[in-house]
Each structure stands twice: as structure tokens, then as C-alpha cells.
1. Can residue 56 be described as surrounded by 10 or more Cβ atoms within 10 Å (Cβ to Cβ), touching a Leu at 6+ places or on another chain (Cβ under 7 Å) and modelled with pLDDT under 65?
2. Which residue pairs have Cβ atoms under 7 Å apart, sit 6 or more places apart or on different chains, and have a first residue in segment 1-18 that is over 20 Å from residue 38 (Cα atoms) and a second that is acidic (Asp, Glu)?
3. Residue under question is residue 7, and the condition is that it be out of contact with any Gly (no Cβ under 6 Å at 6 or more places or on another chain), exposed (fewer than 14 other Cβ atoms within 10 Å of the Cβ), modelled with pLDDT of 70 or more and among the small types (Gly, Ala, Ser); does it hold?
4. Working only within segment 10-26, note down all residues that are more than 12 Å from residue 60 (Cβ to Cβ) and either crowded, with 18+ Cβ neighbours inside 10 Å or of a type in the set (Asp, Glu) (or both).
5. Any residue at all in segment 26-38 that is hydroxyl-bearing (Ser, Thr, Tyr), at pLDDT 70 or above and outside any strand (DSSP E or B)?
Amino acid sequence: MKCPKCGKEMESGTMYMGKYAYWTQQEKLPVFRSPKDRVLLREPGDDSTDRFDEFPFHSFPGTMLCRACKITVFQYN
């Protein structure tokens, strides 16, 4: 999928939601550990490093990520 903002190719992965959202291409998540390729999705300026914020509660498979524009595209209900 092409990014709607810049036109570059987007990466497909899964977005997980806890206190903060994060995105990963990893298919199997380690229990109580964050994936190595995760991209935290949170408010600009929020640099929280609390380890308890990383456990996933909800998942959105097929989420597209553009690293250049820092936007995601995902389907919701």
C-alpha cells in the first residue's frame, strides 16, 4: 500500500494497544516482553519508559506504517 501522504510504500504489521499503542512486524510476541522491531505510537512529546505500559491488550492486524511520515492506517469496528 502506498502512503496517502508521501506516496512511499508502507510496511504491514500489527498494532497492539495497551496504555500506548505500538506496531510490529513480528508474528509471535514474547510473553511479557516487547518485540525488538516495535514502534511505539503515542502522543508527541510523551517519552514515558514505564515497562508496565508495554503489555498488549488489543490487536489490529494489517496495520500499515509509514516511517517517513510517522502515520499508520488501520481498520477498526
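1. Taking the combined requirement at face value, the residue satisfies it.
2. Listed pairs, sorted by first residue: 2/9.
3. When the stated conditions are applied, residue 7 passes them.
4. Those that are more than 12 Å from residue 60 (Cβ to Cβ) and either crowded, with 18+ Cβ neighbours inside 10 Å or of a type in the set (Asp, Glu) (or both): 10, 11.
5. no
The values are calculated or read from the model by the stated rules, or taken from the named source; none is laboratory data. This structure is a prediction, so every number in the text was calculated from the model and none was measured. Counting neighbours? That spans all protein chains shown, and the Cβs are built from the backbone with ideal geometry, glycine included.
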